[in-house]
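Notes to accompany the following structure.
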Amino acid sequence: MDPKNETAAPSRRAPRSLSRGLLTVVAALALLVAAGFVLAPSSVSSGAVQSMLPFAAVLAIVALGQTLVVMQGGIDLSVAGSVSLVIVIVTHQAYGDDSKVLPAALLALGVSLLTGLGNGLLIGRLGLNPIVATLGTNALLYAAVLGVSGGTPRQTTDLLARLAGDSTLGVPHALVVAVVATAVVTVVVKKTASGRRFEAVGANGSAAWAAGLRVQGFKAGGYVFAQVFYWLGALLLAGILNKPTAYQGDSYLLASVAAVVLGGTSLLGGRGNLVATAVAALFLTQLDQFVLALGFDFAGKTLVQSAAFAIGVALYTINWSRLRRRSDRRAATVAA
């Protein structure tokens, strides 16, 4: 082989294209901001954006956990109960006492890990349907929420409010945590050998098993690490809100799945773009603010969120090129 050609070969490689999901959701976010300036300027004011970003950060962190599960071809319906239980444990165990925040947070982390391990065993080891298994887990978590709190909210501590709810130089602390979490999990999944195996198992479990990978272990691991992100997001939310409700996690079930889908991760499993998921969380939170600024109530906001989820499913799940080819063949048959 000619040494010149051998040297020149790497320069002829095509650059890696950006994720379709990331490009789509960034474009959607830009259009939403533009629409906000025209139709609802209050939704894009500096105060509104400053108050929106912490909640977008929490959704992004929770959605990162959901992405790990969906990448394994599963879905986690226990996210609502998980987030609620962490908030209840932290606010009730550390009620008014800053010295109890760390023990309460560690207790909540232990509960989250046990929850993830339970989901992982039921789905990864025993082969239960993810919807059935995580829905059952969610019911148990809500029973624990009721047992700990009695359904009564409690005020967060000053320490947690400062750590999670404050800003430094105008940047919310929660946003910094979300950016770091996104960067870390992206590097682990995309740049490490274990991360590439994790993606391979999600893309084709049979082929991964044939290659000697521990398919059940990776599937179970997705649920365990998802709970770590639920715990982190709930911990931040417990500090952002002055008095979170006992069922604060309810709003994160549909939103977390919608962020995953809008970010381009297929519900059938496989590769996912974690940065796109985080941007989709920002888009959904700003969309909520835009809809409320237009005068819609909570029900209208939920309908818009559901529509965004349906559009994401239509964009990334339906094979539009195949449908077009089918339509063209039918049209040609009719014309003949």
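Just to verify a result, which residue in segment 138-165, among those that are among the aliphatic types (A, V, I, L, M) and open to solvent by 70 Å² or more (accessible area, probe 1.4 Å), is farthest from ALA104 (Cα to Cα)?
Step one: list which residues in segment 138-165 are among the aliphatic types (A, V, I, L, M), which gives 139-141, 143-146, 148, 159-161, 163-164.
Remaining after also requiring open to solvent by 70 Å² or more (accessible area, probe 1.4 Å): 140, 146, 163.
Details: LEU140: 20, LEU146: 17, LEU163: 15 Å.
Filtering first and then ranking leaves LEU140.
Does SER51 satisfy the criteria of being over 26 Å from ALA220 (Cα atoms) and not acidic (Asp, Glu)? Even if it seems obvious, please write down each step before you answer.
On the way: over 26 Å from ALA220 (Cα atoms): yes; not acidic (Asp, Glu): yes.
Yes.
Step by step: first the residues of segment 270-300, then only those that are more than 30 Å from PHE198 (Cβ to Cβ) and aromatic (Phe, Trp, Tyr), then the one that is farthest from the chain's Cα centre (by Cα). Which residue is that?
PHE296
State all residues of segment 286-305 that are part of a helix (DSSP H, G or I) and within 13 Å of GLY36 (Cα to Cα); if no residue qualifies, say none.
Within segment 286-305, GLN286, LEU287, ASP288, GLN289, PHE290, VAL291, LEU292, ALA293 qualify.
Test of understanding: among ALA234, ALA238, which residue is touching a Leu at 6+ places or on another chain (Cβ under 7 Å), open to solvent by less than 50 Å² (accessible area, probe 1.4 Å) and either farther than 30 Å from ASN204 by Cβ or of a type outside the set (A, V, I, L, M, F, W, C) (or both)?
On inspection, the qualifying residue turns out to be ALA238.
Just the residues that are open to solvent by 60 Å² or more (accessible area, probe 1.4 Å), closer than 15 Å to VAL215 by Cα and assigned to a helix (DSSP H, G or I), please, taken from segment 120-132.
Scanning segment 120-132 gives LEU121, ARG125.
Quick check, is LEU135 surrounded by fewer than 17 Cβ atoms within 10 Å (Cβ to Cβ), outside any helix (DSSP H, G or I) and of a type in the set (A, V, I, L, M, F, W, C)? Reasoning before the result, please.
On the way: surrounded by fewer than 17 Cβ atoms within 10 Å (Cβ to Cβ): yes; outside any helix (DSSP H, G or I): no; of a type in the set (A, V, I, L, M, F, W, C): yes.
Here the answer is no, as LEU135 does not meet what is asked.
Determine if segment 112-119 includes at least one residue that is touching a residue at least 24 places away in the same chain (Cβ under 8 Å), open to solvent by less than 50 Å² (accessible area, probe 1.4 Å) and among the aliphatic types (A, V, I, L, M). Give the derivation first.
Keep residues of segment 112-119 that are touching a residue at least 24 places away in the same chain (Cβ under 8 Å), which gives 112-113, 115-117, 119.
When the remaining residues are screened for being open to solvent by less than 50 Å² (accessible area, probe 1.4 Å), the result is 112, 115-116, 119.
So of that shortlist, the ones also among the aliphatic types (A, V, I, L, M) come out as none.
Checked segment 112-119: no residue is touching a residue at least 24 places away in the same chain (Cβ under 8 Å), open to solvent by less than 50 Å² (accessible area, probe 1.4 Å) and among the aliphatic types (A, V, I, L, M).
Filter segment 289-307 for residues that are open to solvent by less than 30 Å² (accessible area, probe 1.4 Å) and either modelled with pLDDT of 75 or more or within 15 Å of ALA40 (Cβ to Cβ) (or both) and give the result. Spell out how you get there, then give the answer.
Of the residues in segment 289-307, the ones open to solvent by less than 30 Å² (accessible area, probe 1.4 Å) are 290-291, 300, 305.
Once the filter is applied, which keeps residues that are open to solvent by less than 30 Å² (accessible area, probe 1.4 Å) and either modelled with pLDDT of 75 or more or within 15 Å of ALA40 (Cβ to Cβ) (or both), segment 289-307 yields PHE290, VAL291, GLY300.
If you check THR192, THR182, which single one turns out to be under 16 Å from the mean Cα position of the chain (by Cα) and at pLDDT 90 or above? Show your work before the answer.
Values: THR192 fails: under 16 Å from the mean Cα position of the chain (by Cα).
Just one listed residue meets the conditions, THR182.
Answer yes or no: is there a residue in segment 309-329 that is at pLDDT 75 or above, under 16 Å from VAL25 (Cα atoms), open to solvent by less than 60 Å² (accessible area, probe 1.4 Å) and in a helix (DSSP H, G or I).
Yes - at least one qualifying residue is present in segment 309-329.
Could you list, in sequence order, the residues of segment 166-221 that are open to solvent by less than 60 Å² (accessible area, probe 1.4 Å), part of a helix (DSSP H, G or I), among the hydrophobic types (A, V, I, L, M, F, W, C) and over 29 Å from LEU53 (Cβ atoms)?
Once the filter is applied, which keeps residues that are open to solvent by less than 60 Å² (accessible area, probe 1.4 Å), part of a helix (DSSP H, G or I), among the hydrophobic types (A, V, I, L, M, F, W, C) and over 29 Å from LEU53 (Cβ atoms), segment 166-221 yields ALA193, PHE198, ALA200, VAL201, ALA207, ALA208, VAL215, PHE218, ALA220.
Could you check LYS243 against (1) without any contact (Cβ under 8 Å) to a residue 60 or more places away in the chain; (2) under 30 Å from ALA143 (Cβ atoms); (3) open to solvent by 50 Å² or more (accessible area, probe 1.4 Å) and say which number it fails?
Result: LYS243 fails condition (1) only.
The values are calculated or read from the model by the stated rules, or taken from the named source; none is laboratory data. Fair warning: this is a prediction, and the values are worked out from it, not measured in the lab. Neighbour counts are summed over all protein chains in view; Cβ atoms, including those assigned to glycine, are modelled from backbone coordinates with ideal geometry. In case anyone asks, the SASA skips ligands and DNA or RNA and just uses the protein heavy atoms, side chains included. Shrake-Rupley method; radii C 1.70, N 1.55, O 1.52, S 1.80 Å.
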